[in-house]
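The values are calculated or read from the model by the stated rules, or taken from the named source; none is laboratory data. Since the structure is predicted, the reported quantities are computational estimates derived from the model, not experimental observations. Because the Cβ atoms are built from the backbone with ideal geometry, glycine has one as well, and the counts that use them run over all protein chains shown.
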Amino acid sequence: MTDLFSVLGFLSLFLIVLYSALVMYQCVILLFHQVKKTQRDSLIPISIIIPFRNERERIVKVISSLDKMNFKNHSVEIIFVDDQSNDKTEEYIFESFSRDYKIINSTETGKKGAIASGIAQASFDLIATLDADVHLHSEWLNEVRTVFSDDTKKMLILPVLIENEKSIAGWFESLDVLALAGTTSAWAVIDNPIICNGANFVFKKSVFNEFRSDAKDKHIASGDDVFFMHQVKSKYPKGVGVLWNEFVIARTSAFNNFSDLLNQRARWTSKSMHYNDRTTSVVAWTVLLTYIMIWGLGVACFFESKALELFLYVFSIKVLIDFFYLIVVAYKFKKITALWFYPLSIFIQLLFVPMVFIKSQLGHFNWKGRRYKK
């Protein structure tokens, strides 16, 4: 037992050092790397695609946001794609939206198919995809188009944050998404992006057609944005840009319940085993193995008295390193208020992460009234 514990101790220390190094690396990038400024007032034509399925109660935000934007020219096309809704969302758009737009019916089932249907109908090469429930700054459009004045850019990663937190689940989701936004931005700014979010995403239609017409992940319920980004990164090492200023953030309301949040995270996690990008795999496995290590040490405390000391040591390091990271990210994204929830989130995370992993790998999950298998 002593020899086995020695091995466990060595592996635990190795993992927590590796985990801490990755987190601190992200902190350094966020603190000292600046996103390069680009040409202002770009008038590059753009098609904005918004897939929706039963979003009548939530689509008001994106409609209101687009209504308030100064398009500065007429080379902006807005396409709503109906993914088999039955709650009269289309009627609400007609009654509420004052700008020119078109609504098409998706020729396929699911969000991936809806986005592909919208892209096929788009008139312009520059494409933006937005979730139907996001709230945007009035300068969002003018900011994102400037990046593509640099012809080397094929894609733009943009942040998504949570608002309207009204419960423990809501604040937990807010802090979790904030951490993801930091990771997304940190790796993207050094031309090594690992994740992105299709709820706030810009890319060239020509590049989409180059890769996605023969996508190998069509059978996976989620992840078209990340798989696509990995493909672009592989062929165009400098082709993925990133912005994280206050004008380009997309904000979406919290679920405010753990059931919907669990289903969403299971859907996201189900795709992670299919990643081929090396950096993404290293980061994802380091995080997962760190949690497994902590759970393992917790169990070992019942069989080996020395395990408690080791558990408290590595757990304390993780708590402190995570808190420092969240301070940096919260400062960058001007969401300091989310930090008050961190003490409680520590313990929720220990239960939530294994539930997400197990559900994503062994079970089913529901989304937008549909049931998906892993």
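So is L161 free of Cβ contacts under 8 Å to residues at least 24 places away in the same chain and out of contact with any Ser or Thr (no Cβ under 6 Å at 6 or more places or on another chain) or not? Before the answer, list the steps.
Details: free of Cβ contacts under 8 Å to residues at least 24 places away in the same chain: no; out of contact with any Ser or Thr (no Cβ under 6 Å at 6 or more places or on another chain): yes.
Considered against the rule, which asks whether it is free of Cβ contacts under 8 Å to residues at least 24 places away in the same chain and out of contact with any Ser or Thr (no Cβ under 6 Å at 6 or more places or on another chain), L161 comes out as no.
Looking at the stretch 257-269, I want the residues that are within 14 Å of W171 (Cα to Cα) and have a partner that is of a type in the set (F, W, Y) with Cβ atoms under 7 Å, at least 6 apart or on another chain. Which pairs are those?
Qualifying pairs under 7 Å: L261/F255.
Which one of V356, V329 is buried (at least 17 other Cβ atoms within 10 Å of the Cβ), at pLDDT 95 or above, in contact with a Lys or Arg (Cβ under 9 Å, 6 or more places away or on another chain) and not assigned by TED's automatic domain parsing to the domain that holds I249?
On the way: V356 fails: at pLDDT 95 or above.
Answer to the selection: V329.
Going by the conditions given, is T129 crowded, with 23+ Cβ neighbours inside 10 Å, within 18 Å of I50 (Cβ to Cβ), of a type in the set (S, T, Y) and out of contact with any Ser or Thr (no Cβ under 6 Å at 6 or more places or on another chain)?
Yes.
Among K102, K112, which is more than 23 Å from I249 (Cβ to Cβ), free of Cβ contacts under 8 Å to residues at least 40 places away in the same chain and either touching a His at 6+ places or on another chain (Cβ under 9 Å) or not aromatic (F, W, Y) (or both)?
K102
Is there a residue in the stretch 30-39 that is surrounded by 19 or more Cβ atoms within 10 Å (Cβ to Cβ) and in contact (Cβ under 8 Å) with a residue 24 or more places away in the chain?
First, pick out the residues of the stretch 30-39 that are surrounded by 19 or more Cβ atoms within 10 Å (Cβ to Cβ): 30.
After this cut, where a residue has to be in contact (Cβ under 8 Å) with a residue 24 or more places away in the chain as well, the list is 30.
Scanning the stretch 30-39 turns up at least one residue that is surrounded by 19 or more Cβ atoms within 10 Å (Cβ to Cβ) and in contact (Cβ under 8 Å) with a residue 24 or more places away in the chain.
Can you name the condition, by its number, that D3 falls short on among (1) assigned to a helix (DSSP H, G or I); (2) at pLDDT below 90; (3) under 30 Å from V283 (Cβ atoms)?
(3)
Would you check which residues across the stretch 142-162 are within 19 Å of K61 (Cβ to Cβ) and either under 15 Å from the mean Cα position of the chain (by Cα) or crowded, with 23+ Cβ neighbours inside 10 Å (or both) and list them?
V144, L158, P159, V160, L161, I162
Tell me which helices (runs of 4 or more DSSP H) are completely within the stretch 55-132 and hold 3 or more residues being assigned by TED's automatic domain parsing to the domain that holds D224 and small (G, A, S), or say none if there are none.
Details: elements: 60-67, 89-96, 111-121.
Answer list for the stretch 55-132: 111-121.
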